Amino acid sequence: MLTIDHEKVCYLIIKAREFDAKMDPEVPDPGDNPTDDGDSEILFDFPDDPTALEVRACLESLNEDEACEVLALVWLGGDYGFDTWKSALTAAREDTESRRPEALMQIPLLGDYLEEGLAQLGISCEDVEMDHL
């Protein structure tokens, strides 16, 4: 059913959640002492943010079949009106625009939708998440 390695999807879920948690910086160029800010800068979304680069790199590394499956998982796990894997995958194969990395990175809750899509297929990321903590 799912041909993409589930560990790759789980990695994407972890990184997408880190990316989703980002917020606008309180100051554009802090340059202050990191010990004074309580490490809150990690949550700020700066233009050169490595988390965004990691998500983009992961999405860009997907071949066409994998990108289709990622988009289908998002649609299956989100509120997109697809109730079966087959219908979501068929629609994802036809929609080249929505599976571009830029389009996928614009989806709020990307990580949550991917995880729910996997769950609907009976796949869990619990074993993978423990390896990345």
Segment 61-133: relative contact order in percent, alpha carbon pairs under 8 Å with at least 6 residues between: 36
Added length on full extension, which subtracts the Cα-Cα distance from 0.36 nm per residue, ARG56 to LYS86: 8.2 nm
With all protein chains modelled, accessible area of THR96 [1.4 Å, Å²]: 90
Residue-count net charge about TRP85 - beta-carbon cut-off 13 Å; Lys, Arg +1, Asp, Glu -1: -1
Area of MET105 that stays accessible when all protein chains are in place (1.4 Å probe, Å², to 10): 20
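The values are calculated or read from the model by the stated rules, or taken from the named source; none is laboratory data. Treat the numbers as computed from the prediction; the structure is a model and nothing was measured. Positions of Cβ are generated from backbone atoms using ideal geometry, with glycine treated the same way; all protein chains shown enter the neighbour counts. Surface areas here come from the heavy atoms of the whole protein model, side chains and all, with no ligands, DNA or RNA. Shrake-Rupley method; radii C 1.70, N 1.55, O 1.52, S 1.80 Å.
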